[in-house]
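Let me begin by presenting the structure, written as structure tokens, before commenting on it.
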Amino acid sequence: VKVYITDREGVQHEVMAPTDMAMNLMEVVRSYELAPEGTIGVCGGMAMCASCQCYITSDHQLNEMEYDEDAMLAEAFHVQENSRLSCQIPITEYLDGLKLTLAQEV
Ligand code: FES
């Protein structure tokens, strides 16, 4: 599926995210190197670091937050209404056209 990712410099990238590799959005950001190594996905996708925080800017209704994600975002910096941890969002067909912006590094 095609997703639009705005990096921390404000540049939008159109990337293809595979639905058949059990990947999440954080891994997509990493695979396209849209954030410097070591500044995203620090906890390896365990909802324990918030380095993968992003803002969902399209109208997609995503999977509900699990407790861990909700708790992590309650402690994170720069949190907004549309904040999610990108490691907690699996790539599915539904994400086609999704737009997200990476939160600033903390
Ligand atoms: Fe650590 Fe997502 S990679 S919370």
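Please treat every number below as a calculation from the coordinates, not as lab data. Computed from a predicted structure; not experimentally measured. Please note: Cβ atoms are built from the backbone with ideal geometry, for glycine as well, and neighbour counts cover all protein chains shown.
The modelled label-to-label distance for the pair residue 78/residue 4, using points 7 Å beyond Cα in the direction of Cβ, is 2.0 nm. What's the center-to-center distance, using Cα atoms, between segment 91-106 and segment 1-75 in Å? Spelled out, the Cα-based centre of one part sits 6 Å from the other. For segment 2-102, a simple Cβ point-charge model (Lys and Arg +1, Asp and Glu -1, everything else neutral) yields a dipole of about 220 debye relative to the Cα centre. Largest mean-square fluctuation among 43, 54, 87, in a Gaussian network model of the chain whose springs join Cα atoms under 10 Å apart, belongs to 43. On the principal axes of its alpha carbon atoms, segment 1-78 extends 30, 26, 24 Å, with the longest extent given first. Along the chain, the longest continuous region that contains none of the chymotrypsin sites (Phe, Trp or Tyr not before Pro) in a DSSP loop with at most 15 other C-beta atoms within 10 Å is 33-76.
The region of the chain that goes longest without hitting one of the GluC sites (Glu not before Pro) in a DSSP loop, each with at most 16 other Cβ atoms within 10 Å, is 38-63.
Report, in deg cm²/dmol and to the nearest 500, the calculated mean residue ellipticity at 222 nm for the chain, where each DSSP H run with n ≥ 4 adds -39500 (n - 2.57) and the sum is divided by the residue count.
Values: 2 runs with 16 residues, N = 106.
Mean residue ellipticity, 222 nm, calculated: -4000 deg cm²/dmol.
Counting only DSSP beta bridges whose two residues both lie in segment 2-102, roughly 80 percent are antiparallel.
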